[in-house]
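Novice: Can you read through this structure? Questions will come right after.
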Amino acid sequence: MTLANQVIYFSEKEQTFDSIILYMDLDAFFASVEIRENPDLADKPLVVGGNPKTKQGVVSTCNYKARKYGIHSGMPISQALRLCPHLTMVRGSYQLYSEVSKSIMNIVKHYSSTMKVAGNDEAYLDLTEIASDYEEARRLAVELKDDIFATERLTCSIGIAPTRILAKIASETDKPDGLVVVKPLEITEFMNPLKITIIPGVGKKSAESFSRKKIYTCGDLAKLPYQLVYQKFGKYGLKTWKLVNGFNTENTGEKFLSSERKSISEERTFFDRYQKWENIWVQIDSSIDTIIARMRVKNMSFKTITLKIRFKNFETYTRSHSLSSYNITEKLVRTVVQKLLEEFENKKPEDIRLIGVKISNLKKIDNNQKTLTQFF
Ligand SMILES: [Mg+2]
């Protein structure tokens, strides 16, 4: 087959983006925990890992000062010491890292029930149903960073994009303590100047074969005709070409949602400075209706109801109530939300920025179980 008649099919799905994904990665995690515990280490090039006495083993994590010497994770300690003879080495407090990691993942979990922990210091969050747009997602990311810092005194870098791979790439372009948002229409502009090696999976070998064709940046690859890319680099090359050209190369929703749904939630944001409680209640009721409808489609029942309320100054509160048995009615959700809102009844309605309602503790309804019908 000649190049000219090679037709590659671009599906509609590849041209659609309907997710907002957040990727969070703690900055130099182990090293940052060591510095937090012993601030004197902050100004020194530091590596965690290996044996400080025998100088054997490999670098597990290093701080940014050590990275300036070319030291990186996975490097033999002996080599790291050659690059930086006055390097500070600590063995690592792995029990502590694991506790800190758990605490941070617990914070992250509060932001979306569709979460994927990708390691002890990184996680993906699906914000599609939480954030109404990318600006809302950005605000949530700022809040998440603040939460993590307030609780554990650690910084993280966050990328927000329509796919997991792009969110991860985005986070890597601004470290430490970064926040990068890439909207669907900005993908190619964002990718063009980046080195091709930023793409996960483009290792030394692929980078070499790309550089033989004078491809160094994502933009270099993007501007080539796809037939040529397919011919020279095969299927994988074509997938990379699609990525740098702003196509959707992954089925984002699927992988996240394959994990059991733990909650169903709806949030509404308010911007009206003449906001009244009646209007807010219209939104709450519509949220509840949507939640219950989604729950019924899945044939589930709930036990816990959570109210989230955020004010203009970004102060956010969550209040939950668990019932003694599983339930399925919107009426009950409304009653509980009303009860949970009482705490805030002295607040001015115009100061409310967001209200979220969530049902969790979900359970599939056993169709033979008649008792549930009594709640209708
Ligand atoms: Mg990290």
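Novice: Those residues that are more than 11 Å from the ligand (Cβ to nearest atom) and in a strand (DSSP E or B), I need them from region 110-126; list them, please.
Specialist: Met115, Lys116, Val117, Tyr124, Leu125, Asp126
Novice: Here's a follow-up. For Glu129, indicate whether it is of a type in the set (D, E, K, R) and in a loop (DSSP other than H, G, I, E, B).
Specialist: Yes.
Novice: Which is open to solvent by 10 Å² or more (accessible area, probe 1.4 Å), of a type in the set (Val, Ile, Thr) and either at negative phi or in contact with a Pro (Cβ under 9 Å, 6 or more places away or on another chain) (or both), of Thr114, Thr163?
Specialist: Of Thr114, Thr163, the one residue that is open to solvent by 10 Å² or more (accessible area, probe 1.4 Å), of a type in the set (Val, Ile, Thr) and either at negative phi or in contact with a Pro (Cβ under 9 Å, 6 or more places away or on another chain) (or both) is Thr114.
Novice: Let me ask something else about it. Taking Lys183, is it over 29 Å from Thr217 (Cβ atoms) and either open to solvent by 30 Å² or more (accessible area, probe 1.4 Å) or within 13 Å of the ligand (Cβ to nearest atom) (or both)?
Specialist: no
Novice: Return the residue satisfying two criteria in turn: it lies in region 81-109 and is assigned to a loop (DSSP other than H, G, I, E, B) and not hydrophobic (A, V, I, L, M, F, W, C), and of such residues it is most open to solvent (accessible area, probe 1.4 Å).
Specialist: So, considering only residues that are assigned to a loop (DSSP other than H, G, I, E, B) and not hydrophobic (A, V, I, L, M, F, W, C), the one most open to solvent (accessible area, probe 1.4 Å) is Arg91.
Novice: Right, here's the next one. Picking from Gly57, Gly50, which residue would you name as being away from the ligand (no atom under 16 Å from the Cβ), of a type outside the set (Val, Ile, Thr), at positive phi and surrounded by fewer than 20 Cβ atoms within 10 Å (Cβ to Cβ)?
Specialist: None of the others qualify; the one that does is Gly57.
Novice: Inspect region 132-150 for any residue being within 14 Å of the ligand (Cβ to nearest atom) and more than 19 Å from Thr316 (Cβ to Cβ) and give the result as yes or no.
Specialist: No, the conditions are met nowhere in region 132-150.
Novice: Further question on the same structure: Look through region 322-332, keep the residues that are touching a residue at least 40 places away in the same chain (Cβ under 8 Å) and assigned to a strand (DSSP E or B), and return whichever of them is most open to solvent (accessible area, probe 1.4 Å).
Specialist: Tyr326
Novice: I need a count of the residues in region 1-35 that are at pLDDT 85 or above and outside any loop (DSSP other than H, G, I, E, B).
Specialist: Matching residues across region 1-35 total 13.
Novice: While we're looking at this one, here's another question. For Ala66, state whether it is within 16 Å of the ligand (Cβ to nearest atom), in contact with a helix residue (DSSP H, G or I) (Cβ under 8 Å, 6 or more places away or on another chain) and free of Cβ contacts under 8 Å to residues at least 60 places away in the same chain.
Specialist: yes
Novice: Do you know which of the residues in region 259-290 that are surrounded by 15 or more Cβ atoms within 10 Å (Cβ to Cβ) and aliphatic (A, V, I, L, M) is nearest to Glu129 (Cα to Cα)?
Specialist: Ile264
Novice: Considering only residues that are over 21 Å from Tyr111 (Cβ atoms) and open to solvent by less than 70 Å² (accessible area, probe 1.4 Å), which ones fall in region 296-321?
Specialist: Asn299, Met300, Ser301, Lys303
Novice: Please enumerate the residues belonging to region 117-134 that are open to solvent by less than 20 Å² (accessible area, probe 1.4 Å) and of a type in the set (D, E, K, R).
Specialist: Correct list: Asp126 only.
Novice: So how many residues does region 210-238 have that are assigned to a helix (DSSP H, G or I) and hydroxyl-bearing (Ser, Thr, Tyr)?
Specialist: Count: 4.
The values are calculated or read from the model by the stated rules, or taken from the named source; none is laboratory data. Since the structure is predicted, the reported quantities are computational estimates derived from the model, not experimental observations. Virtual Cβ from ideal backbone geometry, glycine too; neighbours counted across all protein chains shown. Note: areas computed on protein heavy atoms with side chains; ligands, DNA, RNA excluded. Shrake-Rupley method; radii C 1.70, N 1.55, O 1.52, S 1.80 Å.
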